[in-house]
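Asker: Next up is a structure, given as structure tokens.
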Amino acid sequence: MIQMFHVSKSYASAPPCLTDVTLQIDKGEFVFVTGPSGAGKSTLLKLMFCAERATSGQVLVDGRNLGRIRNSAVPFLRRNVGVVFQDFKLLLQRTVSENVAFPLQVLGVSRVECEERVRKMLRRVGLAHKADSLPPRLSGGEQQRVVIARALVNEPTILLADEPTGNLDPELTIEILDLLCDVNVRGTTVVVATHDASVLTRYRKRIIRLQGGRVVFDGNELRGRALMAAG
Amino acid sequence: MRALANTAYFWRCAVQGVRRAPLVHLLAVFTIGMVLLAAGLARSGISLLDSLTESIGGEVELTVYLREGATESSAAEVARLLGSKTGGSAMVVTPEAALARLRAELRGVGDALRDLPSNPLPYSVQLRVAPALRNPAALRALAAEARAMPLVQDADYGEEAVARLTAISRAVRYAGLVAFTVIGLATVFIVAATLQLAIYARRDEIEIQKLVGATNRFVKAPFLVEGGIQGVLGAALALAALWAFSQAVGPKLQLLFAFLLRPGAQLSLVSPSVACELLLGGGVLGLSGSFVAVGRFLKT
């Protein structure tokens, strides 16, 4: 589903964010990308939905080589990839429903169908009763669930979540990750970037650990935990 | 179905955009309105000039001078031929009558003509053409046709005056076109600047749209509709101002410029064709402004 071959990413007059990253994420997998701040987690995710382009190496998503697709084809790739942003990126003057409906409007879904699908999605994330609320009136966890609903409403095959629990307390963190696990069980490939070690120990999933822009570990939770404890 | 949903969405977004930043849009509408008002007034001025050219063309009679040696009967034949061709009236002027007329026109100096050994003036035919042919182009064609007749020496209808007026009218028209192009471009940039403020206010929305898979065309469309709405509202404003102007000073202008107008012609500032032209102009200005603004924003 997602393949990276010797991928590097660097910006002018700055040390490289990613160096020689090679990895493969299969369809239906749940993967944590972890590492300290500045390790390159967000950059890795950005490469996967073409928010950034690799300086060298190849990134393949769903069989498409992102280094070779034209800018005009990027929107069509993104329609198949849901993204949960660390800073939510919600429109504060729009209601929860309107925020969730955004990807459907882009797809040209009719108003009636759009309302129906948004209602179903809000029910799924437990926010049906907040459909007409504005985001500032929601808690952090609720706002994050709105973002997840928006990312999933057009049924993408891949869900990328960049620090989805970064600003949440432990209880809400579990709530959000349970939701992401549920999404994964339904067949969506989920990639979550997090630096929260407690999350890694609670959910026994594959871990890709980055340090200084390099993959220093790619394996299951137990070995990852041992590695994190070691340094 | 998808196109319909998209169209409905673009219109909803455009109307919401106008509602969210009414002052910015009002400024753009006002700018477009003023430019179109000026264009509408200029158009009336040009049509007034056209009318003057046509009326002068209509007033001038076509005088056909026959060759030396032409007789009264041959002059009558030419008059009959030209009269039947044009559907107007043709009158033969004998050399004696022409000389008498010249003498009268020269007044005091006219008596000098008595000393001429013989009358140098030829037979001529004075032609008053039918109203439908009273325009420079028809007169020019008729004069050319008369000149081609074997007995005819020359034909005159005040060609120079008509040509000069036509040239003035053309120059004014070109000058107006250049001025409108320059002002139109300036308006496009003013509208673009105002719309850029509206776009900037919605930059978060655009960013999210792009992140969830919106194409540039999808992002642009509501702003283009907004620009179109501004253009149409600007045109409506210009039309309303033109109508008010014509109501307030129209009758006075009609009296003032009556000498320039053809008999029975009305000085009209607002007509269906003017309305269509202004609406089209407004639409083009609004769309161009929004196209420039959103294009510039998406590039950055």
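Asker: Going residue by residue through region A:41-50, is there one that turns out to be at the interface with chain B (Cβ under 9 Å from one of its Cβ atoms) and among the hydrophobic types (A, V, I, L, M, F, W, C)? Show your work before the answer.
Answerer: Just the residues of region A:41-50 that are at the interface with chain B (Cβ under 9 Å from one of its Cβ atoms), to begin with: A:49.
Filter once more, keeping what is among the hydrophobic types (A, V, I, L, M, F, W, C): A:49.
Taking every residue of region A:41-50 in turn, at least one turns out to be at the interface with chain B (Cβ under 9 Å from one of its Cβ atoms) and among the hydrophobic types (A, V, I, L, M, F, W, C).
Asker: Between A:ARG117, A:ARG209, which is under 30 Å from A:SER56 (Cα atoms), in contact (Cβ under 8 Å) with a residue 24 or more places away in the chain and out of contact with any His (no Cβ under 8 Å at 6 or more places or on another chain)? Break it down stepwise before answering.
Answerer: Working: A:ARG117 fails: under 30 Å from A:SER56 (Cα atoms).
After applying the criteria, what remains is A:ARG209.
Asker: With A:LEU122, A:LEU104, A:LEU134 as the choices, which residue is within 26 Å of A:ASN167 (Cα to Cα) and either open to solvent by less than 30 Å² (accessible area, probe 1.4 Å) or small (Gly, Ala, Ser) (or both)? Spell out the reasoning first.
Answerer: Values: A:LEU104 fails: within 26 Å of A:ASN167 (Cα to Cα); A:LEU134 fails: either open to solvent by less than 30 Å² (accessible area, probe 1.4 Å) or small (Gly, Ala, Ser) (or both).
None of the other options fit; the residue is A:LEU122.
Asker: Here's a follow-up. Going residue by residue through region A:47-63, is there one that turns out to be surrounded by fewer than 16 Cβ atoms within 10 Å (Cβ to Cβ) and closer than 20 Å to B:LYS210 by Cβ?
Answerer: Yes, region A:47-63 contains a residue that is surrounded by fewer than 16 Cβ atoms within 10 Å (Cβ to Cβ) and closer than 20 Å to B:LYS210 by Cβ.
Asker: Of the residues that make up region B:230-241, is at least one outside any helix (DSSP H, G or I), surrounded by 19 or more Cβ atoms within 10 Å (Cβ to Cβ) and not acidic (Asp, Glu)?
Answerer: Taking region B:230-241 and keeping what is outside any helix (DSSP H, G or I), we get none.
Within region B:230-241 (the criterion being outside any helix (DSSP H, G or I), surrounded by 19 or more Cβ atoms within 10 Å (Cβ to Cβ) and not acidic (Asp, Glu)), the answer is no, since none of the residues qualifies.
Asker: Here is a follow-up. Any residue at all in region A:172-179 that's open to solvent by less than 30 Å² (accessible area, probe 1.4 Å), under 24 Å from B:ARG202 (Cβ atoms) and touching a residue at least 24 places away in the same chain (Cβ under 8 Å)?
Answerer: Within region A:172-179, none of the residues are open to solvent by less than 30 Å² (accessible area, probe 1.4 Å), under 24 Å from B:ARG202 (Cβ atoms) and touching a residue at least 24 places away in the same chain (Cβ under 8 Å).
This table checks each residue for (1) part of a helix (DSSP H, G or I); (2) facing chain B (nearest Cβ under 8 Å).
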| position | (1), (2) |
| --- | --- |
| A:ARG53 | no, no |
| A:GLN58 | no, no |
| A:ALA73 | yes, no |
| A:VAL83 | no, yes |
| A:LYS120 | yes, no |
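Asker: Same structure, new question: Have a look at B:LEU99, B:LEU142, B:LEU177 and point out the one that is out of contact with any Lys or Arg (no Cβ under 9 Å at 6 or more places or on another chain), open to solvent by less than 40 Å² (accessible area, probe 1.4 Å) and in a helix (DSSP H, G or I).
Answerer: On the way: B:LEU142 fails: out of contact with any Lys or Arg (no Cβ under 9 Å at 6 or more places or on another chain); B:LEU177 fails: open to solvent by less than 40 Å² (accessible area, probe 1.4 Å).
Sole residue among the options that is out of contact with any Lys or Arg (no Cβ under 9 Å at 6 or more places or on another chain), open to solvent by less than 40 Å² (accessible area, probe 1.4 Å) and in a helix (DSSP H, G or I): B:LEU99.
Asker: Please count how many residues of region A:54-73 are at pLDDT 90 or above and within 17 Å of the chain's Cα centre (by Cα).
Answerer: Number of matching residues: 3.
Asker: Being in a helix (DSSP H, G or I) and within 42 Å of the chain's Cα centre (by Cα) is true for just one of B:VAL78, B:VAL109, B:VAL92. Which residue is that? Let's see the steps before the verdict.
Answerer: Numbers: B:VAL109 fails: within 42 Å of the chain's Cα centre (by Cα); B:VAL92 fails: in a helix (DSSP H, G or I).
Of B:VAL78, B:VAL109, B:VAL92, the one residue that is in a helix (DSSP H, G or I) and within 42 Å of the chain's Cα centre (by Cα) is B:VAL78.
Asker: Then there's this: If B:LEU195 passes every condition in (1) open to solvent by less than 30 Å² (accessible area, probe 1.4 Å); (2) over 18 Å from B:ARG296 (Cβ atoms); (3) outside the structural domain of B:ARG101 (by TED's automatic domain parsing) but one, which one does it miss?
Answerer: The number of the failed condition is (2).
Asker: Okay, moving on. Go through (1) under 14 Å from B:SER290 (Cα atoms); (2) at pLDDT 85 or above; (3) more than 14 Å from chain A (Cβ to nearest Cβ) one by one and return the number of the condition B:VAL182 breaks.
Answerer: It fails just one condition, (1).
Asker: If I filter region A:31-46 down to residues being open to solvent by less than 20 Å² (accessible area, probe 1.4 Å) and in a loop (DSSP other than H, G, I, E, B), which single residue comes out as nearest to A:GLY82 (Cα to Cα)?
Answerer: A:GLY40
Asker: Restricting region A:60-71 to residues that are part of a loop (DSSP other than H, G, I, E, B) and within 14 Å of chain B (Cβ to nearest Cβ), which is nearest to A:ILE148 (Cα to Cα)? Spell out the reasoning first.
Answerer: Narrowing region A:60-71 to residues part of a loop (DSSP other than H, G, I, E, B): A:62-63, A:66-70.
Checking the rest, the ones that are also within 14 Å of chain B (Cβ to nearest Cβ) come to A:62, A:69-70.
Numbers: A:ASP62: 21, A:ILE69: 27, A:ARG70: 28 Å.
Filtering first and then ranking leaves A:ASP62.
Asker: Which residue out of A:PRO156, A:PRO170, A:PRO136 is more than 15 Å from the chain's Cα centre (by Cα) and at pLDDT 85 or above?
Answerer: Values: A:PRO156 fails: more than 15 Å from the chain's Cα centre (by Cα); A:PRO170 fails: at pLDDT 85 or above.
Exactly one residue qualifies, and that residue is A:PRO136.
Asker: I've got another one for you. Of everything in region A:107-118 that's more than 10 Å from chain B (Cβ to nearest Cβ) and surrounded by fewer than 23 Cβ atoms within 10 Å (Cβ to Cβ), which residue is nearest to A:ASN154 (Cα to Cα)? Before you say what the answer is, go through the steps one by one.
Answerer: Kept after step one, since they are more than 10 Å from chain B (Cβ to nearest Cβ), are these residues of region A:107-118: A:115-118.
Filter once more, keeping what is surrounded by fewer than 23 Cβ atoms within 10 Å (Cβ to Cβ): A:115-117.
On the way: A:GLU115: 12, A:GLU116: 12, A:ARG117: 9 Å.
Of everything passing the filter in region A:107-118, A:ARG117 is nearest to A:ASN154 (Cα to Cα).
Asker: Quick check on my filter: what residues within region B:207-219 are crowded, with 20+ Cβ neighbours inside 10 Å and more than 7 Å from chain A (Cβ to nearest Cβ)?
Answerer: Hit for region B:207-219 is B:VAL219, nothing else.
Asker: Output the residue which, of all residues in region B:16-29 that are away from chain A (no Cβ under 14 Å) and in contact (Cβ under 8 Å) with a residue 60 or more places away in the chain, is surrounded by the most Cβ atoms within 10 Å (Cβ to Cβ). Full working, then the answer.
Answerer: Of the residues in region B:16-29, the ones away from chain A (no Cβ under 14 Å) are B:18, B:22-29.
Next, from what is left, pick out any that are in contact (Cβ under 8 Å) with a residue 60 or more places away in the chain: B:18, B:24-25, B:27-29.
Numbers: B:VAL18: 20, B:VAL24: 19, B:HIS25: 23, B:LEU27: 17, B:ALA28: 32, B:VAL29: 26.
Within region B:16-29, the match that is surrounded by the most Cβ atoms within 10 Å (Cβ to Cβ) is B:ALA28.
Asker: Restricting attention to region B:185-213, which residues are in contact with a Ser or Thr (Cβ under 8 Å, 6 or more places away or on another chain) and at pLDDT 85 or above?
Answerer: Within region B:185-213, B:VAL188, B:ALA192 qualify.
Matching residues to (1) assigned by TED's automatic domain parsing to the domain that holds B:THR7; (2) in contact with a Gly (Cβ under 9 Å, 6 or more places away or on another chain); (3) in a helix (DSSP H, G or I):
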{"site": "B:TYR200", "(1), (2), (3)": "yes, no, yes"}
{"site": "B:LYS210", "(1), (2), (3)": "yes, no, yes"}
{"site": "B:ALA214", "(1), (2), (3)": "yes, no, no"}
{"site": "B:GLY227", "(1), (2), (3)": "yes, yes, yes"}
{"site": "B:LEU253", "(1), (2), (3)": "yes, no, yes"}
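Asker: Follow-up question, since we're still on this one. Exactly one condition in (1) under 21 Å from A:GLN86 (Cα atoms); (2) away from chain B (no Cβ under 13 Å) is not met by A:ALA149; state its number.
Answerer: Tallying (1) under 21 Å from A:GLN86 (Cα atoms); (2) away from chain B (no Cβ under 13 Å), A:ALA149 fails exactly one: (2).
The values are calculated or read from the model by the stated rules, or taken from the named source; none is laboratory data. None of these values were measured; they are calculated from a predicted model. So basically every Cβ, Gly included, is an ideal-geometry build from the backbone, and we count neighbours across all protein chains shown. Heads up: the accessible areas ignore ligands, DNA and RNA and are worked out on the full protein's heavy atoms, side chains in. Shrake-Rupley method; radii C 1.70, N 1.55, O 1.52, S 1.80 Å.
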